[in-house]
Every structure is written in C-alpha cells, then in structure tokens.
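The structure appears right after this line, and notes come after that.
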Amino acid sequence: MFDRPTILMCPPDFYGIEYEINPWMDRNAPSDADRSRRQWQDLHDLLVSLHVDVQQMQPVRGLPDLVFTANAGLVWHDTVFLSSFRHAARQGETAIDAAWFSTNGFRTIELPAGMYFEGAGDALFCGDTLYAGYLVRSDANAMQWLGQQMGCRVLPLQLVDEHYYHLDTCFCPLDSTSAIYYPPAFDDYARRALSQIPRLIEVHAAEAARFACNAVVVGRDIVLNSGCPRLEAALQQVGFRTHATELDEFLKAGGSAKCLTLRLDGEAAAVWPQAR
Ligand code: ARG
C-alpha cells in the first residue's frame, strides 16, 4: 500500500483552545490562527523535505483537536483500531476519522463499548511489543484487548502526571531497540518495564515540558519542537539527525510534532506481528 514513509495530517483551519481537557489548555491563553497555520505548514514542509508522503484529512469546524491525528487510532497493517475518546469534546472526531480511513483503503475496527482508547497517542510499538499508556486517557483493559486482536505482547505503562497524559508526550521509540522517555511521568513498575529497552535516553524536565518526547521519527531523522538542545545533542551522539521546528502554538493544547501526525505505514520502531 505504501512505497515510502506516509503520514496523515489535518490542517489547523478550525484549531483553537475551546475547552480544557488537560493542564496545558487554558481558554484565556488562546492560540493565534496565523502562527498556528505557519507552524503547521513548516512541520508539513519539513516532513515533505524528508521524503515523507503527507496525506491530508479535511478539517471540521467544531472539532479543534482533529489536528492531532495521532489520536485517530492505532494503525496495524491495513487495519485501524479507532479511538474512543474519554472526553465528550473529542468524541465527534471518531466518525470523521472512520470515514477517512475507510475511504482510503483501511479496515476499521471499533473497540468494545465502555473502553476508552486514544490511538497512537497512547499505544506505541517498540520492536514487537506494544507499549501502552493508561489511566489518564486510555483504559488498561482496552490495551489488553488490542494485544489479543493483534497477537502481540502489551506492556501497560501507568501514567502518573496529568501534564503527560498521553504516552507520546513522555515516551518515543526511535528504533526497535531504543527510545527516549521522561521518567517522572511513569510509576515505578512502568519505569522497570521500560528498562527492558536496550537504549533508553532520558529527557530533562525543562525539555519534557517543551514536549521533547513528542517527536516524529523518520528513519534516522527526528523532527521535534524547538527548545530541546540537550535532547538534540544526545540524539546526534547516537547517530540521528535532528530537525527542530517551532510548535509552541500547539503546546497550548498539549500537543506537538508527534501528536500532529499519524504514521500510516508503520512507525520506524515497529516490528509488527503478522496480520491475522
Ligand atoms: N488537546 C488535545 C487533548 O487533550 C491534545 C492531544 C494531543 N495528542 C497527543 N497524541 N498527545 O486531547
């Protein structure tokens, strides 16, 4: 289905801070429409310059967080496990996402009723293991259900800091044996589970708050928010190329580079179990 890295994005035409569902969002600190558009376009163009095929979804008025396509679902081969959002404000996105995926050749699967699940925001493969953030947004039983569907190992990771409410705000697999993470966002058990990854790079508090962990990995190229020089240096030291781009308008909603993207052909770090 894909001959090069392919990423889904949604333009920020209707993006804004219209409600508060995480500690970063403050309706009294609105986003600037022009700056948002410019920052989104720069991220888009940067990905295109890295030979990514960027596909676009039509924005919808009244769904300001639809820009965060990472939350549309979990992509696995030609299947998408659709999100089931915890907060009513985002629940309208699922029908839009489902329509996009069906029109674009994916099989869509909904989770059983009563389970919350927020897609690639909380579920990330590193090697053949699904690392699954739960508690703040997604439910642990949703993650186990997904593991059964895919026939893969699931490592549930409890998130303990409301600022790092999605797994992709505090953890980012780089390849099948390395990842970056922000330790204080996890409980002890999760930190122990993460230590199974051979190369773990720690992100410092100030850069975690710049959403350093919310990076887009395209092979050896890593795209992330500006203001994370220590992480950039650490990544360069182990052979990655880093590309920083200003995304502070999206930080106002609790998002950054990774949240604004959804990899459609499988993350660089993912070694997918066979399709069943
Ligand atoms: N305002 C959105 C929310 O709170 C931001 C989502 C960011 N997405 C992500 N994958 N971390 O749901």
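The values are calculated or read from the model by the stated rules, or taken from the named source; none is laboratory data. None of the values given here were measured: they were computed from a predicted structure. Cβ sites come from the backbone with ideal geometry, for glycine too, and all protein chains shown count toward neighbours. For accessibility, only protein heavy atoms count, side chains too; no ligands or nucleic acids. Shrake-Rupley method; radii C 1.70, N 1.55, O 1.52, S 1.80 Å.
Hey, if we sort 31, 138 by accessible area with the 1.4 Å probe, largest down, what's the order?
Highest to lowest solvent-accessible surface, that is 31, 138.
With each pseudo-label sitting 7 Å past Cα toward Cβ, what's the residue 38-residue 89 distance in nm, one decimal?
Inter-label distance under the simple model: 2.6 nm.
Among rounded, prolate and oblate, which fits segment 215-276 when a ≥ b ≥ c are the square roots of the eigenvalues of its C-alpha gyration tensor, a/c under 1.5 means rounded, and a/b larger than b/c means prolate?
The shape class here is oblate.
Return the whole-Å distance between the Cα centroid of segment 84-135 and the Cα centroid of segment 174-198.
Value for the Cα centre distance between the two parts: 22 Å.
Please identify the longest segment of the chain free of exposed chymotrypsin sites (Phe, Trp or Tyr not before Pro), where exposed means a DSSP state other than H, G, I, E or B and no more than 15 other Cβ atoms within 10 Å.
20-276
When all protein chains stay in place, what accessible area (Å², nearest 10, 1.4 Å probe) is found for residue 199?
90 Å²
Under 1.5 on a/c is rounded, so check that first for the chain, then, if it is not, pick prolate when a/b is larger than b/c and oblate when it is not; a ≥ b ≥ c are the square roots of the alpha carbon gyration tensor eigenvalues.
rounded
How long is the gain from residue 238 to residue 195 if the chain were fully straight, where each residue apart is worth 0.36 nm and the alpha carbon distance is subtracted?
Full extension of this stretch gives 13.7 nm more.
Roll a 1.4 angstrom probe over the protein heavy atoms and tell me the percent of accessible area of segment 140-245 that is carbon or sulfur.
48 percent
Given a 1.4 Å probe and every protein chain left where it sits, what share in percent of the accessible area of segment 1-57 is carbon and sulfur?
C and S fraction of accessible area: 44 percent.
With each pseudo-label sitting 7 Å past Cα toward Cβ, what's the residue 204-residue 109 distance in nm, one decimal?
Here the answer is 4.3 nm between the modelled labels.
Choose one answer from 233, 132, 70: the residue with the largest mean-square fluctuation in a GNM of the chain with alpha-carbon springs under 10 Å.
Fluctuation is largest for 233.
Ignoring everything but the protein chains, give the 1.4 Å probe accessible area of residue 137 in square angstrom, nearest 10.
Taking all protein chains as shown, residue 137 has close to 10 Å².
Using a 1.4 angstrom probe, figure out how much accessible area the chain has per residue, in square angstrom, rounded to the nearest whole.
On a per-residue basis, 39 Å².
How much net charge surrounds residue 7 when only other residues with a Cβ under 13 Å from its Cβ are counted (Lys, Arg +1; Asp, Glu -1)?
Numbers: positive: 4, 258, 263; negative: 45, 53, 221, 265, 267.
Residues close to residue 7 contribute a combined charge of -2.
Return the distance in nm (one decimal) between the two label points of a simple spin-label model at residue 271 and residue 246, each offset 7 Å from Cα along Cα→Cβ.
4.2 nm
Where both partners of a DSSP beta bridge lie in the chain, what percent of those bridges are antiparallel, to the nearest 5?
Antiparallel bridges make up about 45 percent of those DSSP assigns within the chain.
Quick check: from the Cα gyration tensor, does segment 1-150 come out rounded (a/c under 1.5), prolate or oblate?
Oblate, since a/c reaches 1.5 and b/c is not below a/b.
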